[in-house]
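In what follows, a single structure is set out as structure tokens and then discussed.
Read the figures in this text as sums done on the coordinates, not as results from a lab. Predicted model only: the values in this text are computed from it and were never measured. Methodologically, a virtual Cβ is constructed for each residue, glycine included, from the backbone with ideal geometry; neighbour enumeration extends over all protein chains shown.
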Amino acid sequence: MLPGMGDDTCAITLKVNGSTLRLQVAPWTTLLDLLRERLGLTGSKKGCDHGQCGACTVLVDGVRINSCLSLAVMRDGASVTTIEGLAEGDALHPLQQAFIENDAFQCGYCTPGQICSAVGLLAEGHARSDDQIRELMSGNLCRCGAYPNIVAAIGQAMRPRRDA
Amino acid sequence: MTTGKTGEPHDRVDGRAKVTGQARYAGEFTAPDLVHGFVVGSAIARGKIVRIDAAEALALPGVLQVYTHENTPRLAWRDRSWRDMVAPGGSPLRPLHDAEIRFSGQPVALVIAESFELAREAAGLVKVDYEAAPHETRLAEVESEAHEPARGKKGYTPPPKPRGRADEALAAAPVRVEATYEHPPLHHNPMEPHATTVIVEADGSLTIHDKTQGVSNSRDYVCKVFGLASDQVRVVTPFVGGGFGSGLRPQYQLFLAVLAARELRRSVRVVLSRQQMFTIGYRPWTRQRVALGAERDGRLCALIHEAVGNTSRFEDYCENVVPWSGVLYECPNTRLEYGVAALDLYTPIDARAPGAVTGLWALESAIDELADALDIDPLALRLKNYAEEDQDHRRPFSSKALRDCYREGAARFGWHRRTLAARSMREGALQIGWGMATGIWEAQQAPSQAKALLTVDGRLHVASASGEIGPGTYTIMSQIAAEQLGLPLAAVRFELGDTALPPAMIQGGSATASSVGSAVLAVCRALQHTLLKLAQALPDSPFGGRTLADVEFVDRGLRLRSGVAPAVPLAAIMRHAGLGSIAEQATAIPDLARQSRYTSNAHSAVFVEVAVDEALGTVTVRRVVSAVAGGRILNPKTARSQILGGVVWGIGMALEEHSMLDHGLGRFVNHNLGEYHVPVHADVPAIDVVFVEERDDVVNPLGVKGLGEIGIVGVAAAIANAVFHATGRRIRELPITLDKLL
Ligand code: FES
Ligand code: FES
């Protein structure tokens with residue numbers, strides 16, 4: 001039994017960054033708090049806890065969501081990818097690499113959310129221009145103002161796909 | 001591998017940690033015995049607590065304690081102990097000290113529980129009864145009671161004495177403009193909320209991960225308030241998720257987390273919610289009057305700038321709003337005044353380019369109004385009044401490449417194609433406006449220390465208790481060290497954010513590169529010195545009788561500048577001396593005797609194009625050129641990012657940001673990121689950043705001026721001026737929202 005939770009916990013199964021986990025969670029625990037507090041995956045950030053900043057963006061079954069707006073129990077059976085799960089061993093995901101090369105962050109706090117959001121964006125396939133990237137990334141705030149470089153990084157990661 | 005160098009665009013050395021989620025921020029450290037705190041804030045703006053009832057909260061299993069003013073131990077009793085390094089004059093807030101309420105959201109209780117959710121839930125069950133007293137949160141109501149700020153705030157300089165007779169000169173001037181400018185309180189809202197994790201070590205000492213721009217400031221504060229020896233408290237903050245000034249002073253979650261950890265002897269984490277981020281400091285609400293008098297040819301003959309900013313009732317926050325007006329333009333008659341007026345709000349705190357952002361918003365708007373009154377191009381007017389020396393202090397500038405900023409910025413922007421009259425540029429339904437403004441910020445250096453350890457395997461470890469709030473401290477310090485010792489960047493590791501390291505200045509005011517950079521330079525010079533001495537002892541040493549001026553450190557070795565011989569590897573020098581490593585420590589102190597003979601400022605010229613939809617009143621910033629004279633640029637890549645960030649902040653200030661008060665409640669009501677609008681991707685166009693060449697050997701040994709602030713200064717005025725050019729409407733109250741244009 002978890003402290004303060006009585007017996008009201010639910011059993012769920014989550015695949016997180018490739019590993020299948022069986023978890024007892026309180027029904028009120030958000031996916032974000034589960035990741036950060038229980039699983040130690042603090043790469044997903046909490047900037048507002050209200051779905052207003054995008055810092056907590058993760059991929060659930062390949063789709064970008066604000067993990068602070070999702071209760072963990074709602075995601076029973078889902079596959080979750082966080083910033084910690086994007087690189088393959090030492091090889092960074094092309095977006096991670098593009099973010100470094102374009103200096104697409106300063107403090108780095110919004111960065112995991114920006115990158116996960118960008119992975120989702122590319123998968124959606126709707127963004128074709130810089131203006132579309134701007135529009136479709138507008139749920140991810142960056143108070144350091146790295147926006148121009150984030151757009152450049154996403155554009156760079158998109159390019160090979162365009163050429164293909 | 002090539003030698004790491006300054007002046008070259010390097011990727012951030014902490015980039016990998018940041019893009020993989022490995023960079024750890026204050027609220028992300030943990031311990032097996034960790035418990036969580038949640039803050040209860042006051043519901044009234046002024047008055048006192050008459051009853052506080054935590055019984056229901058305490059009855060929840062897993063709730064460990066609720067701290068209020070009734071059960072918090074008495075701590076330090078002198079104000080001096082509560083005053084941190086950068087506190088303004090007055091009596092700092094003492095959280096949970098007594099029943100008195102001084103602002104809405106003031107912490108009145110801290111709930112500690114086994115989980116975060118439980119602490120939050122229990123916080124909602126704490127019942128507080130208040131006796132409310134009348135409060136005042138309207139600046140206009142207290143403006144006439146403005147007073148000179150109490151002394152004590154570091155970096156604050158009262159306005160200079162008047163020069164000439166400004167009021168008479170204004171009355172006699174052939175052309176006059178006079179107006180009042182205002183901007184609301186603005187909260188920093190770094191993406192990382194303020195957070196503190198206190199780990200109680202086995203020996204009872206505390207390791208504190210605090211969101212701060214100065215680990216030493218947090219450590220000293222905790223020691224003084226709780227009466228602890230400095231070896232009992234270590235503050236470790238390797239990454240900060242944005243500060244912008246909000247982390248300059250210890251925020252109340254630090255006190256609360258330490259209080260609970262000491263009482264419970266358990267590790268404690270307290271994280272503020274986004275709503276609670278509106279209960280800490282902010283850029284103060286400020287009203288300013290600027291009056292300019294000019295000859296018909298545009299020469300300024302009178303300049304008056306008066307400003308009143310808000311403060312709290314218990315501290316006199318103050319900032320340098322008006323002095324810039326005496327320095328930027330040549331004018332024989334100036335009068336500059338500044339005062340603060342108390343409201344029932346928390347004390348403001350420095351926010352990115354404090355004071356300058358405020359003063360230049362008014363001054364640079366007024367200059368534009370004068371240009372309009374004179375029918376002169378606004379850039380030409382600025383050049384006509386260009387100051388060649390600091391008239392207020394009667395001393396030269398150590399360097400001032402502002403003219404180059406104007407020239408290069410204008411060229412990049414295509415300013416010469418601008419038509420003079422307002423409402424003269426149009427694209428279909430869109431009114432187009434081009435505006436510009438000047439930026440200025442003080443180049444500063446403060447004492448800092450660094451240590452270095454060079455090992456025979458060719459690795460260099462350099463450390464200083466500085467911070468990384470986002471400017472690229474890890475990277476530029478590594479570059480400086482690598483360059484000095486001829487090492488590849490990857491061979492250097494720079495460590496910061498730990499009070500166990502040699503002390504550094506607090507990270508603010510754009511002075512880290514200058515202050516900590518100079519300390520890194522000094523410690524590397526000490527290493528160079530030692531290495532040269534050791535090299536002179538080599539058999540048949542080519543270095544006999546040579547000084548550091550004769551040699552250079554390249555390719556992991558040492559060689560004569562004049563010679564053709566390959567470099568002698570540093571490893572060989574150390575091995576010959578039988579040394580596995582060399583350690584040095586150094587302090588860099590500003591050369592005040594020399595620096596005080598000059599005025600040293602960074603400058604910028606910012607050019608903006610806006611499009612205004614005439615029917616809807618919406619303003620879109622379409623492009624920005626920011627030309628900056630900031631001394632030597634250590635890393636063009638991270639430097640550009642700093643300017644981008646400043647410009648984005650300027651866009652927010654001009655068009656979006658507004659901490660709105662409900663004066664009935666005396667509270668900031670749009671206290672979330674859905675209603676406090678900051679720029680998002682779609683609001684930010686392409687931004688062109690130009691660094692003009694500027695050499696300065698006075699400011700510090702590196703010749704850098706700092707870039708964290710200069711990027712924002714002037715941006716709001718440039719946008720307001722562009723909006724005027726587009727629409728013919730002069731908006732003097734920020735933000736420029738569509739209701740003001742319809
Ligand atoms: S933390 Fe989830 S959107 Fe801000
Ligand atoms: S990098 Fe700091 S908030 Fe985006």
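So which of B:K18/B:K637; B:K48/B:K127; B:K5/B:K705; B:K637/B:K705; A:K46/B:K127 end up more than 24 Å apart by C-alpha? Could the numbers behind the result be given before it?
Working: B:K18/B:K637 16 Å; B:K48/B:K127 14 Å; B:K5/B:K705 18 Å; B:K637/B:K705 16 Å; A:K46/B:K127 28 Å.
Beyond 24 Å between Cα atoms: A:K46/B:K127.
Separation of the range B:13-72 from the range B:619-697 is 31 Å, based on Cα centroids.
A simple charge model with +1 on the Cβ of Lys and Arg, -1 on the Cβ of Asp and Glu and nothing else charged puts the dipole of the range A:94-158 at about 120 debye relative to its Cα centre. Extension gain, B:D129-B:H677: 0.36 nm per intervening residue step, less the Cα-Cα distance, totals 194.0 nm. Inter-label distance, B:A500 to B:L538: 3.6 nm, where each label sits 7 Å from its Cα along the C-beta direction. Scalar couplings 3J(HN,Hα) for the range B:217-224, obtained by applying the Karplus form with A = 6.51, B = -1.76, C = 1.60 to θ = phi - 60°, are 4, 5, 4, 5, 4, 4, 4, 5 Hz; x denotes Gly and Pro.
Within the range B:86-115, name every residue whose backbone N is under 18 Å away from a label modeled 7 Å from Cα of B:V50 along the Cβ vector. Correct set: B:99-102. Extending 7 Å from the Cα toward the beta-carbon at both B:D697 and B:R730 defines two label points whose distance is 4.6 nm. Spatially, the range A:74-103 and the range B:169-224 are offset by 33 Å when compared through their Cα centroids. Summary value for the range A:10-85: 39 percent relative contact order, contacts being C-alpha pairs under 8 angstrom separated by 6+ residues. Using 19 Å as the cut-off for backbone N distance, which residues of the range B:16-34 belong to the label zone defined by a point 7 Å from the Cα of B:L264 along Cα→Cβ? Output list for this probe position: B:26-34. Around the amide H of B:E330, modelled in the peptide plane, lie the amide H atoms of B:Y386, B:A387, all under 5 Å away and 5 or more residues distant in sequence or on another chain.
Among the chymotrypsin sites (Phe, Trp or Tyr not before Pro) in the range B:1-85, those placed in a DSSP loop whose Cβ has at most 15 other Cβ atoms within 10 Å are B:W77. Loop-located trypsin sites (Lys or Arg not before Pro) across the range B:321-411 with a Cβ neighbour count of 16 or fewer within 10 Å are B:R394, with loop assigned by DSSP.
The length gained on full extension between B:T157 and B:V456, counted as 0.36 nm times the residue separation minus their Cα-Cα distance, comes to 102.8 nm. The charge dipole of chain B, taken about the Cα centre with unit charges on the Cβ atoms of Lys, Arg (+1) and Asp, Glu (-1), comes to about 1420 debye, rounded to the nearest 20.
Placing pseudo-labels 7 Å out from each Cα toward the beta carbon at B:A593 and B:L58 gives an inter-label distance of 6.4 nm. For an R0 of 45 angstrom, estimate the FRET efficiency from the Cβ-Cβ distance between B:E427 and B:E148 and round to the nearest 0.05. That gives a FRET efficiency of 0.35.
Given a Förster distance of 35 Å, report the FRET efficiency between B:A202 and B:H529 from their Cβ-Cβ distance, rounded to the nearest 0.05.
Values: r = 41 Å, r/R0 = 1.18.
It comes out at approximately 0.25.
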